[in-house]
Amino acid sequence: MELSSSESSFINSDRVQKVKECFIKNFNKQPDFAVRAPGRVNIIGEHIDYCGYPVLPMALEQDILMMVATNEKPRIRIANTDTTYVEYDEEITVWKRMEAVTTSSAPQWFKYFACGYRGIIERWAAGSDKGMLVLVEGTVPPSSGLSSSSAMVVSAALATLKLHNLNPSRKEIATVCGECEKYVGVQGGGMDQAISLLAEPSTCKFIEFNPLRTTDVQLTSDAGFVVAHCGVTMNKAATFQFNIRVVECTFAKCIIGKLAGIDNWKDLKNLSEIQTTLNLTEPKEMLSLVEKYLNKGEYTIEEIENIMECRMADVLLRPALLDAAKQTPTLKLKNRALHVFSEAQRVLDFKVLCSASGSHLSDLGKLMTDSHASCRDLYECSVKELDVLVDRCLELGAYGARLTGAGWGGCAVILIDKDKRETLMEALIEEKYNPCFSTIPSGGACVQGF
Ligand code: ADP
Ligand code: NG1
Ligand code: MG
């Protein structure tokens with residue numbers, strides 16, 4: 001299986017051996033194979049993947065590891081080495097229709113497994129009644145913007161593929177996973193699943209969507225990255241905040257598209273398609289159109305429907321988005337769109353700087369810090385604790401720092417001289433930022449039989 005080539009030695013690690021023993025103790029059976037899928041840190045490009053714009057993440061060493069055996073019964077039984085995640089055992093007919101609706105509490109943990117399982121079954125193995133026994137062990141800090149959720153979804157997808165001896169390409173799997181994680185409620189983009197599957201050691205990836213493709217991006221050898229947790233966690237599926245942003249971007253797309261005279265504005269998928277339809281070369285050229293067509297600070301749904309001359313249900317095509325739109329009296333379309341286009345420009349500028357000769361760490365750092373300011377002020381997806389952490393890193397000599405992942409808590413990613421990483425981490429750990437670790441680009445997800 002092509003999926004086994006990326007890190008063929010992981011099966012022999014002490015960790016895998018320990019989890020294997022735990023599996024045997026729990027299920028009284030040998031596992032057939034193991035799967036790992038990494039979390040990621042997004043270096044720049046926040047909340048723009050679902051708007052169709054490229055992003056620039058790297059995979060982490062931290063991952064979700066799953067140990068799997070065939071179950072003789074048509075059931076999936078799933079346990080976790082961390083027993084606060086309670087074991088679950090159910091018939092596959094139930095797994096095949098499992099999803100979550102957003103409420104004030106987080107979805108049960110195994111629903112992330114269900115997403116990956118359903119995605120693969122629906123696409124490649126609809127009639128299957130094969131069952132599995134699964135033991136999960138995770139090292140990605142959960143609900144912290146490092147994409148533990150997608151590491152769960154991708155490893156579930158790979159486990160399901162291996163069980164059925166299916167071999168689609170990594171890109172096909174990433175595309176399926178980008179869609180099926182939506183069963184957990186969050187209507188996000190495809191960045192997290194793509195980097196988890198398409199990562200390679202020692203390189204960051206510039207990821208483009210529709211169709212999915214990646215380009216290697218290398219920073220100069222003096223660049224170091226540190227990731228630090230601000231102390232607040234945020235489960236994205238437990239509140240409407242994330243989906244409200246998706247709704248705001250969808251309405252912004254509709255209004256700009258309609259007022260700019262694009263006939264088929266309803267058919268355009270996202271904000272980036274407005275730019276390409278208008279034949280504009282760079283995302284920054286959209287900024288003046290945002291000022292022109294989205295001139296109000298806040299809009300009510302009624303105002304939006306009047307401008308669009310249609311009902312919101314005609315443009316919000318998923319029930320989760322309609323639900324989210326009903327949660328807030330007003331929507332800030334202008335600021336959200338200003339963030340999206342300026343952030344998309346920063347990603348392109350970052351990539352260009354990386355391929356220019358010489359070291360540009362202060363310029364790269366500035367783009368990252370500007371990105372944080374935009375997330376904080378325009379997209380309003382930061383929290384005080386993250387803002388304080390970012391400011392502190394800059395005081396401590398970082399070139400730049402920003403929240404990573406969806407935000408509203410979680411981690412910051414910090415760019416600093418490679419040889420100053422230890423000093424920075426010591427200072428942050430002393431100030432109780434935990435976890436705090438330095439990182440280099442890791443390899444992508446893989447499967448290995450015993
Ligand atoms: P993230 O930023 O980490 O992707 P999400 O809110 O999207 O945060 O997803 C976090 C959820 O993923 C957790 O609440 C849990 O249900 C699931 N999860 C993450 N890590 C694990 C793990 N090691 N074992 C079981 N479930 C996990
Ligand atoms: P996290 O914070 O890792 O759950 C989410 C989305 C990404 C992307 C970022 C913000 C999912 C699975 N993940 O990541 O697609 O939109 O937020 O850039 O929806
Ligand atoms: Mg997530």
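Listing for the model above:
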| read-out | value |
| --- | --- |
| Evaluation of MET152 against (1) closer than 16 Å to ALA445 by Cα; (2) within 16 Å of ligand 3 (Cβ to nearest atom); (3) surrounded by fewer than 17 Cβ atoms within 10 Å (Cβ to Cβ) (one fails), failing number | (3) |
| Set GLU99, GLU122, GLU137: member being away from ligand 3 (no atom under 16 Å from the Cβ) and surrounded by fewer than 17 Cβ atoms within 10 Å (Cβ to Cβ) | GLU122 |
| Condition met for VAL186 (assigned to a loop (DSSP other than H, G, I, E, B), touching an Asp or Glu at 6+ places or on another chain (Cβ under 7 Å) and either within 14 Å of ligand 2 (Cβ to nearest atom) or in contact (Cβ under 8 Å) with a residue 24 or more places away in the chain (or both)) | no |
| The lone exception for ALA194 - which of (1) open to solvent by 10 Å² or more (accessible area, probe 1.4 Å); (2) within 15 Å of ligand 1 (Cβ to nearest atom); (3) on the phi < 0 side of the Ramachandran plot it fails | (1) |
| Matching entry among LEU166, LEU212 (being open to solvent by 20 Å² or more (accessible area, probe 1.4 Å), among the aliphatic types (A, V, I, L, M), touching a Lys or Arg at 6+ places or on another chain (Cβ under 8 Å) and without any contact (Cβ under 8 Å) to a residue 60 or more places away in the chain) | LEU212 |
| Selection count, the stretch 226-256, where residues are open to solvent by 10 Å² or more (accessible area, probe 1.4 Å), more than 16 Å from ligand 3 (Cβ to nearest atom) and assigned by TED's automatic domain parsing to the domain that holds GLU380 | 2 |
| Where GLU172 falls short, out of the listed (1) open to solvent by 40 Å² or more (accessible area, probe 1.4 Å); (2) within 15 Å of ligand 3 (Cβ to nearest atom) | (2) |
| Hey, ALA151 more than 14 Å from the chain's Cα centre (by Cα) and within 16 Å of ligand 1 (Cβ to nearest atom) or not | no |
| Filter result (open to solvent by 30 Å² or more (accessible area, probe 1.4 Å) and either in a helix (DSSP H, G or I) or under 28 Å from VAL101 (Cβ atoms) (or both)) within the stretch 302-319 | GLU302, GLU303, GLU305, ASN306, ILE307, ARG311, ALA313, ASP314, LEU317, ARG318, PRO319 |
| ASP49 out of contact with any Ser or Thr (no Cβ under 9 Å at 6 or more places or on another chain), closer than 30 Å to LEU364 by Cβ and either β-branched (Val, Ile, Thr) or buried (at least 17 other Cβ atoms within 10 Å of the Cβ) (or both) | yes |
| Residue match in the stretch 101-116 (condition: more than 24 Å from GLU137 (Cβ to Cβ) and either part of a helix (DSSP H, G or I) or over 24 Å from the mean Cα position of the chain (by Cα) (or both)) | no |
| Count of the stretch 424-443 residues which are touching a residue at least 24 places away in the same chain (Cβ under 8 Å) and either surrounded by fewer than 14 Cβ atoms within 10 Å (Cβ to Cβ) or over 18 Å from ASP391 (Cβ atoms) (or both) | 10 |
| Positions within the stretch 404-439 being within 18 Å of the chain's Cα centre (by Cα) and part of a loop (DSSP other than H, G, I, E, B), in sequence order | THR404, GLY405, ALA406, GLY407, TRP408, GLY409, GLY410 |
| Filtered residues of the stretch 263-294 (kept if surrounded by 17 or more Cβ atoms within 10 Å (Cβ to Cβ) and in a loop (DSSP other than H, G, I, E, B)) | LEU268, ASN270, LEU294 |
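For (1) closer than 19 Å to CYS204 by Cα; (2) at pLDDT below 95; (3) open to solvent by less than 20 Å² (accessible area, probe 1.4 Å), each residue gets a yes or a no:
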site	(1), (2), (3)
SER357	yes, yes, no
LEU361	yes, no, yes
LYS366	yes, no, no
HIS372	no, no, yes
GLU385	no, no, no
ARG392	no, no, no
LEU396	no, no, no
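The values are calculated or read from the model by the stated rules, or taken from the named source; none is laboratory data. Values in this document were obtained by computation on a predicted structure and should not be read as measured data. Counting neighbours? That spans all protein chains shown, and the Cβs are built from the backbone with ideal geometry, glycine included. Surface accessibility is based on the protein's heavy atoms, side chains included, excluding ligands, DNA and RNA. Shrake-Rupley method; radii C 1.70, N 1.55, O 1.52, S 1.80 Å.
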